Amino acid sequence: MPMHAPGGCNACKRYGPGMPDPIYFRAAAIAQVLLLLLIPLELLLASGARLRAEYDTHDTLANVGVSVGSVFFWGILSWLFFGGVTLAYTHRLFDIPFTWWSFLLVFALDDCRYYWWHRIGHRSRWFWASHGVHHSSQHFNLSTNLRQSWTSEFSGLVLLNVPLAWIGFHPAAIALAFSVNLLYQFWIHTETIDKMPRWFEWLLNTPSHHRVHHGSNPRYLDSNYAGVFMIWDRLFGSFVPEQADEPVRYGLVKNLGTFNPVRIALHEYVAMARDLLRSDLTWKHRLGYFFGPPGWRHDGRHATTEALRADEAHRRGVPVAADAGGATSDRLAAASS
Amino acid sequence: MSELAISIAINVVLGVALLAILRLKRVGDTVRLAGAAEAVELFSQRFPAVPGDATVADDGRSALIDLDPGGRVGLLQRHGRRWNARALEPGEVASVEIKETAIIKLKFADFGWPHAQIRIDDADARTRWLQRLQALRSRHA
């Protein structure tokens, strides 16, 4: 049974049964505006000490500034997403109608796509230059949702959407699934909620899991990539629970010293360009600085997640693998530069 | 195009509303360093087991920490309500200058953390740190 509004769907008459009724997009847009209203509500309640949430004037305004740029660049670059998936859809293997079951299917598959998009976004510097913007705040509240990349369409990871369209899901159905995914992720950017019921924490992404994801503590780095279903992290070995004895330090390994939205949005690209333009590098080194994990260095003084974890283990007296990187003091210097 | 304009307008209205609440509720950026011990403790959260004596700025907004005699300098700088730590190495400081008599102004070759200011009223301490910081610049300049 197709999921269409009473009276039928004009769009699907024109674009075929795979096209969701536009009413769902209007509902998603209204939901987005309503969710945005939760930000001032959280701020009001937090400032009255009724909620556990910390807001900082400069940080919050920087989030809004970055959001304006993100919306603008999404507006002018979204054709890259729609162009790619539409092209793939024209060569589709199947005609999948838009029904409740096909939506659940595309939602689950898109959530898996999101997991890998997110994981690659953390593990390779070119993609991290785009996604790292979202992690650059040292606060974690609902306004952190606003701090989004300006270059997500430009990085190339939109190609991960192509397989779904090629299978036969309509580009609009894929976009709707992703919209619902992002709407879900709004509420998990908060310190206000401690833990959800155990079954919920096991199955779904929660504020607790996502606090860990935003942590710069070595233990928490590069974990909990899930959008909605935590099953992907459990399946692919990236799940890390929040520990009561280790409060999350939000932000980057090397934090920013600016609230300027342009600097926030582009800082990693500029740092990467500086590294790539060094005259004392081989092309292999340059590939490392471009595609290697954030913190990779050609001289071996890595400040990658693995190296930082090895440092921490070294300090705690826990044996670590020998290939994690250079000496501890070297790494401290590398992390600072 | 109208959807893009509406989306941007919603963000702007949201920003104005948040700013109004932040002002109304006096959510300030009021953190200050209480002393050298606190500065070292905050710095060691980012750089564990790094020893050093700290000089806290007179406005309590930053501190300089002696990491290696004659070598690296630790910088702790207020960033809103948080503290940023950085171990300054030779070549990292693009320029050092004195501003308004007592303020050491640092510029970094770093797009994400372009500058810092440290107010040190004591002339001897200021001169000592100025020389240390200038040495970080001159080695690679």
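What the table shows:
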item	result
Residues of region B:35-141: accessible area per residue with a 1.4 Å probe, Å²	45
Interface area, A with B, accessible, probe 1.4 Å, both sides summed, Å² nearest 100	3800
Computed E for A:W202/B:A123 - FRET, C-beta separation, R0 45 angstrom, nearest 0.05	0.15
All lysines inside 30 Å of A:K254 as judged from Cα atoms, apart from same-chain residues fewer than 8 positions distant	A:K195, A:K284, B:K99, B:K105, B:K107
Peptide-level mean, for B:9-22, of C-beta atoms on other protein chains within 10 Å	6
Shape call, region B:36-134: gyration tensor on alpha carbons, a/c limit 1.5	rounded
Amide hydrogen neighbours beyond the local backbone of B:G74, cut-off 5 Å, H modeled	B:I65, B:D66, B:L67, B:L88
Cβ crowding within 10 Å averaged over residues, with A:245-254, B:4-13, B:78-87 ranked highest first	B:78-87, A:245-254, B:4-13
Peptide-level mean, for A:244-257, of C-beta atoms on other protein chains within 10 Å	3
Under the span-like rule (Cα at least 18 Å along the axis, Kyte-Doolittle mean at least -1.0), DSSP H helices of chain B	B:2-24, B:123-138
FRET efficiency estimate (nearest 0.05) - Cβ-Cβ, A:A28 to B:A49, R0 51 angstrom	0.55
0 to 90° range, to nearest 10: angle between helix A:100-123 axis and chain A longest Cα axis	20
Value of relative contact order over chain A, rounded to a whole percent, pairs C-alpha under 8 Å and six or more apart	19
Order of exposure, largest accessible area first, which applies to A:L104, A:L38 with probe 1.4 Å	A:L104, A:L38
Protection-proxy order for peptides A:211-218, A:95-102, A:178-185, each taking the mean of Cβ atoms within 10 Å per residue, highest first	A:211-218, A:178-185, A:95-102
Expected 222 nm ellipticity per residue - DSSP helices of 4 or more, -39500 (n - 2.57), all of the protein assembly as shown, to 500	-15500 deg cm²/dmol
Carbon + sulfur, % of accessible area of region A:9-195 - ligands and nucleic acids excluded, 1.4 Å	72
Region A:9-195 - Rg over Rh from alpha carbon coordinates, Kirkwood radius	1.00
Computed over chain B: relative contact order in percent, which uses C-alpha pairs under 8 Å that are six or more apart	17
Per residue value of the accessible surface for region A:73-142 (all protein chains in place, 1.4 Å probe), Å²	42
For region A:248-301, Kirkwood radius (reciprocal of mean inverse C-alpha pair distance, Å)	12.6
Those residues of region A:230-258 whose amide nitrogen sits under 18 Å from the label point placed on A:L38, 7 Å along Cα→Cβ	A:230
Rounded to 10°, Cα long-axis angle of helix A:171-186 versus longest principal axis of chain A	50
Cα point-scatterer Debye curve for chain A, base-10 log of I(q)/I(0) at q = 0.07, 0.09, 0.12 Å⁻¹	-0.32, -0.53, -0.93
Degrees between helix A:261-276 axis and first principal axis of chain A (Cα, 0 to 90, nearest 10)	60
Å² of accessible area per residue within region A:176-268, as computed with a 1.4 Å probe and no ligands counted	39
Peptide A:18-31 - average C-beta neighbours from other chains (10 Å radius)	0
Unit charges on C-beta of K, R, D, E only; dipole of the protein assembly as shown, Debye	440
Cα gyration tensor of region A:168-237 - equivalent ellipsoid semi-axes, whole Å, descending	23, 14, 12
With every protein chain in place, region B:36-134: carbon and sulfur % of accessible area (1.4 Å)	45
For region B:87-141: rounded, prolate or oblate by the Cα gyration tensor [a/c cutoff 1.5]	oblate
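The values are calculated or read from the model by the stated rules, or taken from the named source; none is laboratory data. Note that the structure is a prediction, hence the values are computed from the model and not measured. Heads up, the Cβs are rebuilt from the backbone with ideal geometry, glycines too, and the neighbour counts pull from every protein chain shown. These area figures cover heavy atoms from the full protein model, side chains too; ligands, DNA and RNA do not enter into them. Shrake-Rupley method; radii C 1.70, N 1.55, O 1.52, S 1.80 Å.
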